[in-house]
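Right, one structure below, let's go through it.
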Amino acid sequence: MKLVQLISAIADEAAGPSYSVVRLCESLIACGHEVTLAALDWAPMTSPPSFLKPFPLGLGPRRLGRSPALNRWLRAQAASRKVDLLHNHGLWMMPNVYPGRVAQQSRVPLVVSPRGMLSAWALRSGSPIKRVFWPTVQRPALVATFCFHATAESEYRDIRQLGFRQPVVVLPNGVDIPELMPRRSATARTLLFLSRVHPTKGLDMLLSAWAALHLRFPDWQLKVVGSGSQRYLANLQRLAGELRLERIEFRGPLYGREKWQAYAQANLFVLPTHSENFGMSVAEALAAGTPAIVTKGAPWQELSSREAGWWIDIGVDPLVAGLERAMSLPASDLNARGLRGRAWMEQEFSWTRVARKMSATYEWVVKGGEAPNWVRSE
């Protein structure tokens, strides 16, 4: 099929959708589909994917991402019947509004992946503009959606709680499985946070938890890896100073092999997030063989049942208790949990598996018939 995937931008490599949407496109191409990824020409890229079609920003606030050129191209594609299906990823910017308007005026079906942007936390936080943008612009653009895509059961519930009755395909992101790197033996054991440095991620709770633990676990160090606003990063560093934290390192984002090395060299991964539709960093840590401790703001409840990590309540006290339990374990126990997590990722989260299921979903959307068993209509 001829597919158009849409996302506001992919230049920010630290953001989960920038990775997952590109890898979905690559995996769909491997399945034999013709894929174009439409996105804003937000920032220079050293090696953009061959299937990317960038569009310039138009006049107006940058945060809205207005692009008349993208709008015209999308309408022309639909009018000429050169596309079988549109798949929009994300909300709150005009590239996420144009597909809904085009779908309303054409026969091209639309699939929408909210990418966590319909959670209660996401709707409450962020710009006050959302309160106006949602009822007047974004929600009307979702009316023509044929099918939503949720990466977890929690996101499915978010969609239903907002009153959308369209079918929902519940299908996780895939994850690349790197070669298993040997874990370095070191005097200090490492607790790793690797994600966006953003208030949603609960880093203030992590620093408060570390304040309760760092003196009791002198053989552990905390590494905070990721990109974010300089203002927020400065606030975190100031908090770390006020709490007199020891053995804590803040550093910028890591990509490629350096990122995988950071996962592999850590003894434990932590994501104390308030809200996450999937949590690519959790899947990556597990794929690298590192166990994870994750709050219930992310849909990783199987961490506990699979003995690959811990799924804990949101808050400083549960985080302290969970980290204390995990950090008290011998390295051999943590390594075993990490290997169980890696096997889990290999079995259920490969990109080949995800692309085949998404392909079957597209076939059903375009041609009809019986829905795949991962599509929910209730």
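Quick notes
- Over the chain, Cα pairs under 8 Å with separation of 6+ residues give a relative contact order of 16 percent.
- Of the beta bridges in the chain, as assigned by DSSP with both residues counted there, near 5 percent are antiparallel.
- Ordering Arg342, Arg66 by accessible surface, largest first, gives Arg66, Arg342; the 1.4 Å probe counts only protein heavy atoms, with every chain in place.
- Taking the Cα centre of the chain as origin and assigning +1 to Lys and Arg Cβ atoms and -1 to Asp and Glu Cβ atoms, the resulting dipole is close to 1100 debye.
- Principal axis extents of the C-alpha atoms in segment 25-70 (largest first, rounded to whole Å): 39, 22, 15.
- When each of Lys201/Lys357; Lys2/Lys130; Lys82/Lys357; Lys53/Lys201; Lys296/Lys367 is checked by Cα-Cα distance, pairs over 27 Å: Lys201/Lys357; Lys2/Lys130; Lys53/Lys201; Lys296/Lys367
- Computed over the chain, the quotient of the alpha carbon radius of gyration and 2.2 N^0.38 Å is 1.00.
- When the chain is treated as a GNM with alpha-carbon contacts under 10 Å, the residue of Trp364, Trp220, Trp311 showing the greatest mean-square fluctuation is Trp364.
- Gained length - Ala11 relative to Glu258, 0.36 nm times residue gap less alpha-carbon distance: 87.1 nm
- Ranking by accessible area, most exposed first, for Ile312, Ile248 with a 1.4 Å probe: Ile248, Ile312
- Over segment 71-216, relative contact order from alpha-carbon pairs under 8 Å, at least 6 apart, %: 18
- Helical contribution to [θ] at 222 nm, DSSP H n ≥ 4, -39,500 (n - 2.57), averaged over the chain, rounded to 500: -11500 deg cm²/dmol
- Normalised contact order of segment 246-349, rounded percent, pairs of Cα under 8 Å and 6 or more residues apart: 28
- Residue-level accessible surface for Asp333, protein heavy atoms, 1.4 Å, Å²: 50
- Working note: Karplus 6.51/-1.76/1.60 with θ = phi - 60° gives segment 308-314 the couplings 10, x, 9, 10, 10, 5, 7 Hz, where Gly and Pro are set to x.
- Percent of Cα-Cα distances greater than 17 Å, calculated over segment 131-225: 72
- Rh by Kirkwood over Cα pairs, then Stokes-Einstein D for segment 221-378 at 1.002 mPa s and 20 °C, µm²/s: 121
- Share of carbon and sulfur in the accessible area of segment 242-314 stands at 40%, probe radius 1.4 Å.
- Of the solvent-accessible surface of segment 319-378, computed with a 1.4 Å probe over protein heavy atoms with every protein chain present, carbon and sulfur atoms account for 49 percent.
- Binning all Cα-Cα separations of segment 167-301 at 10 Å, short to long from zero, yields these whole-percent fractions: 12, 42, 35, 9, 2, 0.
- Restricting segment 80-181 to trypsin sites (Lys or Arg not before Pro) in coil, as DSSP defines it, with at most 15 other Cβ within 10 Å: Arg81, Lys82, Arg107, Arg165
- Contour minus Cα-Cα distance for Arg124 and Ala76 (0.36 nm per residue): 13.7 nm
- Per residue, the chain exposes 44 Å² of accessible surface when a 1.4 Å probe is rolled over the protein heavy atoms with every protein chain present.
The values are calculated or read from the model by the stated rules, or taken from the named source; none is laboratory data. Values in this document were obtained by computation on a predicted structure and should not be read as measured data. All Cβ positions, even for glycine, are placed from backbone atoms using ideal geometry, and neighbour counts span all protein chains on display. In case anyone asks, the SASA skips ligands and DNA or RNA and just uses the protein heavy atoms, side chains included. Shrake-Rupley method; radii C 1.70, N 1.55, O 1.52, S 1.80 Å.
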